[in-house]
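The values are calculated or read from the model by the stated rules, or taken from the named source; none is laboratory data. All values derive from a computational prediction rather than experimental measurement. All Cβ positions, glycine included, derive from the backbone under ideal geometry; neighbour counts span all protein chains shown. For the accessible areas, the whole protein counts, side chains as well, though only heavy atoms, and no ligand, DNA or RNA atoms are used. Shrake-Rupley method; radii C 1.70, N 1.55, O 1.52, S 1.80 Å.
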Amino acid sequence: MNLASQLLLGWALLACAGTCAARSAFQQRCEEAAGKAGATFSSRDAGYRVDNTLSWRALTQLKRVAVRNGLVLGLTRAESRVSIKVDGVLLEEPGGANECVMPQVDVTLYYPPIVIYVSSEFAPDTCSYREILAHEMRHLNTYLDFLPKVEERIRIRLARRFSGKPLYARRGQARSLLQAEIDANWMPYIKAEMMRVERLQAAIDSPVEYARLSKVCQGEVQSLIGSTRRPGS
């Protein structure tokens, strides 16, 4: 039996709890305790640092997505992280084969320290350095602004699933089925939601922006790099 079938079978009693004409005393106990079920959230960032030790060649290699006919003069690297802890009060049916759990799902979304790179060819006191850093700060702020927005979307979805709802299963299976659902369904969903920020980041690196960066500071970028190729970031 695959995981999807196990989850459907494991939670089958949940539907009965809401539709069966006569609830058992056990189901009533579970529903009375259901106020303990729900999801909690937190999100955080660990700040950022600026690194000016890598050359534009090293940054071009470091960038995940190839820059066609271009150079990477600055780069912002952020790794999204998702932590999900699962717990819950468990009640067993006296003398029966069933149990229920009141899921308590704790979700944390966060970024480890974000690193902003500006290539080592640009000294911090130059016009070009300031322009490149300002561009990278747009990337940084996009990451930070996105975090509370994605948290709210996920909060709504998880509340629909878990808040105030006991989850029923055969004795000895409730917690394992709950963890399996988190691993198979919710973790991939949350990670995909976190990755949606990359579309916003790609929009910042538009051809128009690349062209602008190549001409800032009266050609200082081209002079320092010694190339007529379009710079990317």
request  = Report, by chain and number, residues whose modeled amide H sits under 5 Å from the one on Gly88, excluding near sequence neighbours (fewer than 5 apart, same chain).
outcome  = Gln104
key: For region 108-168: accessible area per residue (Å², 1.4 Å)   = 42
query = Mind checking the log10 I(q)/I(0) for region 81-217 at q = 0.10, 0.14, 0.20 Å⁻¹? Debye, one equal scatterer per Cα, no solvent, two decimals.
reply = -0.53, -0.76, -1.15
inquiry  = Using a 1.4 Å probe on the protein heavy atoms, what percent of the accessible area of region 43-202 belongs to carbon and sulfur?
reply    = 50
inquiry  = Can you give me the long-range amide H partners of Tyr117? Hydrogens built in the peptide plane at 1.01 Å from N, cutoff under 5 Å, separation of 5 or more residues or another chain.
reply    = Asp51, Leu75, Thr76, Arg77
key: Sequence of Tyr110, Tyr48, Tyr143 from largest to smallest accessible area, 1.4 Å probe   = Tyr48, Tyr110, Tyr143
message = Cut-off under 27 Å on the C-alpha distance; same-chain residues fewer than 8 positions from Lys149 excluded. Which lysines are left, in chain and number order?
response = Lys36, Lys63, Lys85, Lys165, Lys191
task = Place the peptides 116-129, 199-212 in order of packing, highest mean first, counting for every residue the other Cβ atoms within 10 Å and averaging per peptide.
result = 116-129, 199-212
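So what's the projected area for region 102-146, the Cα convex hull averaged over all directions, in nm²?
That works out to 4.1 nm², a quarter of the Cα hull's surface.
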note = Any residue on another chain or 5+ positions along whose placed amide H is under 5 Å from the amide H of Val72 is listed here as Thr60, Gly232
